[in-house]
1. At a threshold of 8 angstrom on Cα-Cα distance, excluding pairs fewer than six apart, so keeping six or more, what relative contact order does the chain reach in percent?
2. Taking the Cα centre of region 1-89 as origin, work out the dipole magnitude from +1 charges on Lys and Arg Cβ and -1 charges on Asp and Glu Cβ, in debye rounded to 20.
3. Given only helices, namely DSSP H runs of n ≥ 4 each adding -39500 (n - 2.57), what is the per-residue ellipticity at 222 nm of the chain, to the nearest 500 deg cm²/dmol?
4. Measure off 7 Å from each Cα along the Cα-to-Cβ vector at residue 235 and residue 12, then give the distance between these two points in nanometres to one decimal.
5. Computed over the Cα atoms of region 45-151, what is the convex hull's projected area averaged over all directions, in nm²?
6. HN-Hα J couplings of region 61-68 from phi, Karplus 6.51/-1.76/1.60, θ = phi - 60°, integer Hz, Gly and Pro as x?
7. Dipole of region 4-259, Cα-centred, from +1 at each Lys and Arg C-beta and -1 at each Asp and Glu C-beta, to the nearest 20 debye?
8. Can you tell me how much longer the chain between residue 50 and residue 211 gets when fully stretched, taken as 0.36 nm per residue apart minus their C-alpha distance, in nm with one decimal?
Amino acid sequence: MTPTVHGFFDEATNTITYLVVEPEGRACAVIDSVLDFDYASGRTDTRSADAVIAFIRDNALDVQWILETHVHADHLSAAPYIQERVGGKIGIGERITVVQNTFGKIFNEGTRFQRDGSQFDQLFREGDSFHIGQLRGDVLHTPGHTPACLTYVIGDAAFVGDTLFMPDFGTARCDFPGGSAETLYDSVQKVMALPDETRIFVGHDYKAPGREEFAWETTVGAQKARNIHVGAGKSREDFVAMRTTRDATLAMPRLIIPSLQVNMRAGQMPEPEDNGQSYLKVPINGL
């Protein structure tokens, strides 16, 4: 089946939120939503999520899933905000527990922070399937960028999160805790094994040099032929060497500290302290 896919681009974080709708139906899923956040003031805003919600309501759609491809380090998730307003179950990969254990230690979270993934409604593993109305989705575990990364193959469309970018931009970094260039290469091969005509929807776009427009849809065939990091038969050894060298030059994402603390909680803020205020921690020299 061929789902209808609507992309909502957030220029502040270069993130694309996807609304995936079953053909000739009303059931839909939201993938990788964005909660706007101003780091300087510590204020959140819901304009990006509200645009998605407005589209859902205007078209009388039925939200069945709110899916995360991974725990994002570059934007905050709006999953609970969207769920409260239009419904849907929040899902992520089962290895979220690895991420929660890692960053629970880095941020010195107390025992009240559960590290079992219970903040989410559904934990997916490799080979699981789910439905959006009559539309079937299948789960591929595609780690490397993070241990919990998933690709959702829904009909003829694959939502790869940060595993792959557009062919002229390449692949995601692998230097976060739990990341691995070797593992990412293997995960990319899993995606490349899908039929060439499979549509690929990437999690971010940064306009590669020479390209004037943002873009977020490509195909497996185009990635195999032209991806600058892994296409045209590039070897695992060459990829690992390139990725390791490149990652050593990259700065941390601007919103990594608030993003990790919120997203490992399924988009919820840390519990308020005794004055009723929620706080985000900054671990000095911790990342």
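1. Values: 603 pairs, mean separation 49.7, N = 287.
Once normalised by length, the contact order is 17 percent.
2. Values: 6 positive and 14 negative charges, 46 e Å.
Using only the charged Cβ atoms, the result is roughly 220 debye.
3. Numbers: 7 runs with 70 residues, N = 287.
The per-residue figure over the chain is -7000 deg cm²/dmol.
4. 4.6 nm
5. Numbers: hull surface 30.6 nm².
Computing the convex hull of the Cα atoms and averaging its projections yields 7.7 nm².
6. Couplings: 8, 10, 6, 9, 9, 10, 9, 10 Hz.
7. Working: 24 positive and 36 negative charges, 96 e Å.
Dipole about the Cα centre, nearest 20: 460 debye.
8. Extra length available between residue 50 and residue 211 comes to 55.0 nm.
Here, each number is a calculation from the coordinates, and none is a lab measurement. What you see is a predicted model, and the numbers here were worked out from it, not measured in a lab. Please note: Cβ atoms are built from the backbone with ideal geometry, for glycine as well, and neighbour counts cover all protein chains shown.
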